[in-house]
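Please treat every number below as a calculation from the coordinates, not as lab data. Remember, it's a predicted structure, so these values are computed and weren't measured experimentally. Cβ coordinates were reconstructed from backbone atoms using ideal geometry, including for glycine residues, and neighbour counts include every protein chain displayed.
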Amino acid sequence: MPKKRKITNEMKDAAEAQIRETKKPVDYNTIEYPIEVLVQKYLDGIDDDTNELFIPDYQREITWDEEHQSKFIESVLLGLPIPYIFVADISSEEDKNDARLEVIDGTQRIRTLAQFINNQLELNNLEKLNELNHFTFADLPLSRQRRFKRSTIRMTQLTEEADEEVRRDLFERINTGSVELNKMEKRRGIHPGAFLNLIEELSQDKQFRKLCSFSDAAIRRRDPQEYVLRFFAFLNNYHNFAGEVHNFLDKYLKQCNKEVKKSDKIDIKIQEMKNEFNLMLGFVEKYCPDVFHVFVKTKDDYKPTTRIKFESVAVGIALALRESKHLVPKIISNK
């Protein structure tokens, strides 16, 4: 164990001063809502984005599988303690009086409750309440349905004084180290911006999804988004790669968001990056459409595309196309 650094009184004073200077006053209160009310606040107006309790763009998509969702519902039915849901009272620039509640942490719990009450979730793999396996909400006795709806969920609500920086900082601190939140999901919450929006758009590209093989689990983990980020990071910043991938990607994402934001030609910059990605995909589809695939003869199917294979091939092709946009691969004869 390294020798402990001696802490002087001056250092203690400096530390205390930093805490006082950096600490932000965050007003909050704790409230409880019956599940029925909570779900209503989330669903009423969701189609036109006017729901009182809403999930912001930077939040992740639901990633719980059916078993995880079922376990959560089982916990509610058993009356076990449920982690607080964190929300923030906000006002939009268009309407200062809308007082909507932005979900900072708890999106998966809220969505699961909404799905269950609306009979969109069938309980499975329950151990404590195994008699409820294959039940939907409608299959419960009416008395149990009513008790479930009356069960309360606690929420910590930041007041309208909490700005966006405070909300995002709280999101990061809650989710740092969470086993349920992978790196790409966390980046989405911590580093929002035009570049991340581009990554999201390209990850949904039909040509990209056709050329690569992604399992349903990989899509839930947001692997397609990470592959797109890796493509641009290694293409444009490979000379700064020091061996630690996640830090490398985080730094590049933060830097790129900042550069794009400062640019007076954001649309042009974004379009250039989009064109380069699409040019690479076009080349692959024309000359080597199976290059990202790994075919398994015994299963007569493709294995999911690996990160290393995608980034090495995609970046290599993109770098070659920078040298010559009309690149045509040579056919090498084995004779």
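Any idea how far apart residue 67 and residue 4 come out in nm if each label point goes 7 Å out from Cα toward Cβ?
4.5 nm
Of 48, 13, 65, how do they rank once you tally other Cβ atoms within 10 Å and put the fewest first?
48, 13, 65
Report the local net charge at residue 242: Lys and Arg +1, Asp and Glu -1, summed over other residues whose C-beta lies under 14 Å from its C-beta.
-1
Label residue 219 and residue 11 with points 7 Å out from Cα along Cα→Cβ: what is the distance between them in nm?
Going from the residue 219 label point to the residue 11 one covers 5.3 nm.
Would you tally the net charge around residue 136, using a Cβ to Cβ cut-off of less than 15 Å, leaving residue 136 out, and scoring K and R as +1, D and E as -1?
-3
What order, most packed first, do the peptides 321-330, 240-249 have when packing is the mean number of other Cβ atoms within 10 Å of each residue?
240-249, 321-330
Amide H of residue 294 versus every other amide H placed in the peptide plane: which residues, excluding those fewer than 5 positions away on the same chain, fall under 5 Å?
Sorted by chain and number, the residues that satisfy this are 303.
Can you work out ³J(HN,Hα) from phi for every residue in segment 269-283, in order, using Karplus 6.51 cos²θ - 1.76 cosθ + 1.60 and θ = phi - 60°, giving whole Hz and x for Gly and Pro?
4, 5, 5, 4, 5, 4, 4, 5, 5, 5, 5, 4, 5, x, 5
Extension gain residue 127-residue 48, at 0.36 nm per residue separation less the Cα-Cα distance, in nm?
Additional length available on full extension: 24.5 nm.
Could you compute the net charge surrounding residue 281? Neighbours are other residues with a C-beta less than 13 Å from the C-beta of residue 281; K and R count +1, D and E count -1.
Within the 13 Å Cβ shell, the charges total +2.
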